[in-house]
Amino acid sequence: MRLDRRTLMLSALAAAGVGSLAACTTQNPTPVYPDLTFVNRPPIRLNVGSLQIVDEVVPPMKAPNVEHLAPVTPAAAMERWARDVLQAGGGSGRAVMVIRQGSIVEERLKTTTGLTGAFTTDQSERYTVAMAGQLDLFDGMGIRLGQALAEAERSKTIAENASLNDRERLWYDLVEATARDFATAMERAIKRELAAYVY
């Protein structure tokens with residue numbers, strides 16, 4: 001009897017362990033994406049007393065736009081750049097960073113149909129990230145001293161058998177790459193157009 005009880009107990013524990021292992025392997029955890037920052041870029045000190053960030057982007061929240069579904073939106077990435085890089089180091093006047101465009105647009109692509117399509121994996125969508133912004137400097141009287149403009153755009157396609165996690169990863173990577181392009185373009189524009197107010 002003792003042997004039977006012990007055997008039954010070990011069998012039950014083994015079954016529970018297998019069940020737990022099966023449960024772990026069938027889970028599909030939500031990916032965690034790194035925080036998108038620009039702290040590694042040299043700061044830009046502006047001869048103004050304050051910095052204001054204005055987000056003019058109003059997401060349509062419907063197709064073909066998908067930025068509201070992305071782990072990081074283009075507008076959020078541009079705002080993060082402004083907060084990480086721009087600094088108000090003067091006594092008067094203000095800098096206004098305006099986020100004018102920040103979108104991810106989905107374009108459906110033509111895929112193979114019929115019997116051939118059943119054995120073909122096509123690129124089914126193209127996603128395009130577009131960013132545009134401007135930096136205006138004003139003196140203490142509200143007179144504009146200068147302006148810098150920048151924009152950036154990138155596109156990438158995805159396969160028709162991609163999962164939702166695959167799409168989210170593509171959106172994140174595409175937003176990150178486009179944001180780096182925008183940062184470079186805006187920093188060059190600031191040094192070119194607003195050099196007199198940078199120190």
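Quick rundown of the values:
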{"read-out": "Residue count for the range 122-153, restricted to those that are surrounded by fewer than 18 Cβ atoms within 10 Å (Cβ to Cβ), assigned to a strand (DSSP E or B) and either in contact with a Ser or Thr (Cβ under 8 Å, 6 or more places away or on another chain) or basic (Lys, Arg) (or both)", "value": "6"}
{"read-out": "Matching option when the condition is among the hydrophobic types (A, V, I, L, M, F, W, C), touching a strand residue (DSSP E or B) at 6+ places or on another chain (Cβ under 7 Å) and under 24 Å from residue 50 (Cβ atoms), among 175, 129, 105, 198", "value": "198"}
{"read-out": "Verdict on residue 84 being among the charged types (D, E, K, R), open to solvent by 50 Å² or more (accessible area, probe 1.4 Å) and at pLDDT 95 or above", "value": "no"}
{"read-out": "Flag if residue 175 is outside any strand (DSSP E or B) and not charged (D, E, K, R)", "value": "yes"}
{"read-out": "Single condition residue 158 does not satisfy, out of (1) under 29 Å from residue 42 (Cα atoms); (2) open to solvent by less than 60 Å² (accessible area, probe 1.4 Å); (3) touching a helix residue (DSSP H, G or I) at 6+ places or on another chain (Cβ under 8 Å)", "value": "(1)"}
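The values are calculated or read from the model by the stated rules, or taken from the named source; none is laboratory data. Since this is a predicted model, take the numbers as computed values, not measurements. Here the Cβ is made from the backbone with ideal geometry for all residues, glycine too, and neighbour counts use every protein chain on show. Please note that ligands, DNA and RNA were not included when accessible areas were found on the heavy atoms of the full protein model with its side chains. Shrake-Rupley method; radii C 1.70, N 1.55, O 1.52, S 1.80 Å.
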